[in-house]
Amino acid sequence: MARLITDTMPRREVLLTIGGSDPSAGAGIQADLKTFQVLGVYGVSVITSVTSQNTSSFISRFDLPVEVIRSQIRAIIDDMQVALVKVGMVGGSDVIKVIAEELSGLNTPLILDPVIRSSTDGALLDELALEDLKKELVAHSYLVTPNIFEAEKLTNLRIRNIEAAKKAAVAIKKIGAENVIITGGHLDGIDLLLDRDGEFSSIGEGMDLVGGDFHGTGCTYTAALAVNLFHGEDLLDAAIFAKRFVTEAIKNAYPVGSGFLPINQSKRLINAAERYIVLEDLKGAVAELLKLDIATFLPEVGSNLAVAIPDAEGIDDVAAVRGRIVRCGDAAIQVGPIEFGASDHIARIVLALMRFDPDMRACFNMRYSEQIINACSDIGLESAAFEREDEPEGVKTMDWGVESVIKELRTIPDVIYDKGGIGKEAMVRITGRKGLEVTSKVKKIIEVLGY
Ligand code: PXL
């Protein structure tokens, strides 16, 4: 029977983000919640302001009545154990004061991302509220994470080099923040940390950093950092992690909207899940194949079943049987384990299929015989052939033959074969969307042939 959640079960702590809503979901509390979720913590949110913005422009801002903000905060803290609070967009002084009041009794570390303008240049903080932000929030923060522009506003200093960034960090610490990170600090994307002991560290040197304008980098950075502090990392390690995380999210930014691309916090997790799903499919499919009486259908060079993840870029994104499936007497045996990068030939065919139809991610090769091709037509599988003789010099047979067939047909047939050439074994290739789809085609073919 399923285990019941009882009153005695210990409850976990949550992370609270207080900030503005971004309907385009690139920044603000949407970015924070995505980051918390993908990094495995339960995030809760209190909305201070409803912005109307998208990837290219900031249209308007509607700050919620302070009593609504107060009521949201109380709803959370009356019910949940909040481990850390991240504060982002606050809008104006009234909101700042309510947040400060409500958090004052909590004894929960505050991480402040002192946002002032959006990437599309919308005002996220009233100019008149800057002093209250410093007095009520910066002064009580465990960590403040301004970018250069925000650090300049907080300190009235011009930051054009590392020395100026250091001075600004010291000035922000004087306001009362325990730790300060100026992001993008010395003009070349490197972050500057000034910690509670007065030690400076640079973060990002040697990393493969990416430039350009994106939507949601600041929010995601600070949210990722908060998660790591929550997990007990020390501040420098948490800041290094956050920098790497946001850099990866930038590299995988979503191609949506007409302006600054929203960054993608989940690519790594999705990628890991896709790889797992492919391995599971392939394990099941290879087990099915080995249950069939397949040995006589294996070519001299052996067979492989290869399956790629969606968006595969190279053979390392394609899983297959290491050492192939080969004939040993009357039996077919799997030589090595199922792994990514285990096939070159069949993996290349899969990549060629995917260039034409990204959903066609699997392929298996078997020995050629006329009976096999006839069997395919008997059971309604479409097949098409290419001639090895037509092969231009210096091309990779696998890619060329398969591509030429697809280009001519303008669709991917179930079966692509060739009758071989001098020193080249004739081959049949069965295509499909998944490993199990390919094996079910193979099964039908060999059943028709009486196996
Ligand atoms: O990235 C800062 C930020 C924070 N909060 C909201 C925002 C932005 C930037 O666009 O819209 C709501």
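The values are calculated or read from the model by the stated rules, or taken from the named source; none is laboratory data. Because the structure is a prediction, the values reported are computed rather than measured. Neighbour counts run over all protein chains shown; Cβ positions are idealised from the backbone, glycine included. For accessibility, only protein heavy atoms count, side chains too; no ligands or nucleic acids. Shrake-Rupley method; radii C 1.70, N 1.55, O 1.52, S 1.80 Å.
Tabulated values for the structure
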{"quantity": "Between the range 36-112 and the range 175-243, the alpha-carbon center distance in angstrom", "calculated": "21"}
{"quantity": "Solvent accessible area, Å² - Asp121, 1.4 Å probe, full protein context", "calculated": "100"}
{"quantity": "Hydrodynamic radius by Kirkwood, which averages 1/r over all alpha carbon pairs of the range 8-122, in angstrom", "calculated": "14.6"}
{"quantity": "Rounded to the nearest 20 debye, dipole of the range 5-265 from Cβ charges on Lys, Arg, Asp, Glu", "calculated": "220"}
{"quantity": "Interchain or long-range residues, amide H under 5 Å from Arg61's placed H", "calculated": "Ser52"}
{"quantity": "Cα Rg, Dmax (largest Cα-Cα span) when computed across the range 323-404, Å", "calculated": "14.8, 38"}
{"quantity": "Mean projected area (nm²) of the alpha-carbon convex hull when the chain is viewed from all directions", "calculated": "29.0"}
{"quantity": "Mean projection area, nm², convex hull over Cα of the range 270-448", "calculated": "9.6"}
{"quantity": "Average accessible area per residue (Å²) across the range 32-102 - probe 1.4 Å, nucleic acids and ligands excluded", "calculated": "43"}
{"quantity": "Sulfur and carbon atoms: percent of accessible area, the range 315-404 [1.4 Å]", "calculated": "44"}
{"quantity": "Integer Hz, Karplus 6.51/-1.76/1.60 couplings in order for the range 299-308, x for Gly and Pro", "calculated": "x, 4, 6, x, 10, 9, 10, 10, 9, 9"}
{"quantity": "Inter-site label distance for Leu290 and Glu101 at 7 Å from Cα along Cβ, in nm", "calculated": "6.9"}
{"quantity": "Fraction of accessible area attributable to carbon and sulfur, the range 5-265 (%, probe 1.4 Å)", "calculated": "50"}
{"quantity": "In the range 45-80, trypsin sites (Lys or Arg not before Pro) in a DSSP loop with at most 12 other beta-carbon atoms within 10 Å", "calculated": "none"}
{"quantity": "Amide hydrogen neighbours beyond the local backbone of Val14, cut-off 5 Å, H modeled", "calculated": "Gln81, Val82, Ala83"}
{"quantity": "Average silhouette area of the range 5-265, convex hull of alpha-carbon atoms, in square nanometres", "calculated": "13.6"}
{"quantity": "Probe 1.4 Å, all protein chains present, accessible-area order of Arg244, Arg3, largest first", "calculated": "Arg3, Arg244"}
{"quantity": "P(r) histogram, all alpha-carbon pairs of the range 350-451 included - 5 Å bins from 0, percent", "calculated": "2, 13, 25, 25, 20, 11, 4, 1"}
{"quantity": "Two-decimal ratio, the range 247-366, of alpha-carbon radius of gyration to 2.2 N^0.38 Å", "calculated": "1.25"}
{"quantity": "Net charge, Met354 excluded, C-beta distance under 12 Å - Lys, Arg +1, Asp, Glu -1", "calculated": "-3"}
{"quantity": "The chain, helix-only ellipticity at 222 nm - DSSP H runs n ≥ 4, -39,500 (n - 2.57), divided by all residues, nearest 500", "calculated": "-11500 deg cm²/dmol"}
{"quantity": "Most to least packed among 23-31, 78-86 [average Cβ atoms within 10 Å]", "calculated": "23-31, 78-86"}
{"quantity": "Rounded to the nearest 10 Å², the accessible area of Ile412 at probe 1.4 Å", "calculated": "20"}
{"quantity": "FRET efficiency, Lys424 to Val256 (Cβ-Cβ, R0 56 Å, nearest 0.05)", "calculated": "0.75"}
{"quantity": "Residues of the range 270-448: accessible area per residue with a 1.4 Å probe, Å²", "calculated": "48"}
{"quantity": "Evaluated over the range 138-270, the Cα radius of gyration and Dmax, each in Å", "calculated": "14.6, 44"}
{"quantity": "Three-way shape label, the range 384-436, alpha-carbon gyration tensor, a/c 1.5", "calculated": "prolate"}
{"quantity": "Karplus 3J(HN,Hα) series, Hz, for the range 410-421 with 6.51 cos²θ - 1.76 cosθ + 1.60 (x for Gly, Pro)", "calculated": "6, 7, 9, x, 5, 9, 10, 10, 9, 9, x, x"}
{"quantity": "Gain on full stretching of the segment that runs from Glu393 to Glu163 - 0.36 nm per residue minus C-alpha separation", "calculated": "76.8 nm"}
{"quantity": "Size of electric dipole in the chain: Cβ of Lys, Arg +1 and of Asp, Glu -1, about Cα centre, debye, nearest 20", "calculated": "360"}
{"quantity": "Neighbourhood net charge (12 Å Cβ-Cβ; Lys/Arg +1, Asp/Glu -1) for Gly259", "calculated": "-2"}
{"quantity": "J(HN,Hα) series, the range 266-272, from Karplus relation 6.51 cos²θ - 1.76 cosθ + 1.60, nearest Hz, glycine and proline x", "calculated": "9, 3, 4, 5, 4, 4, 4"}
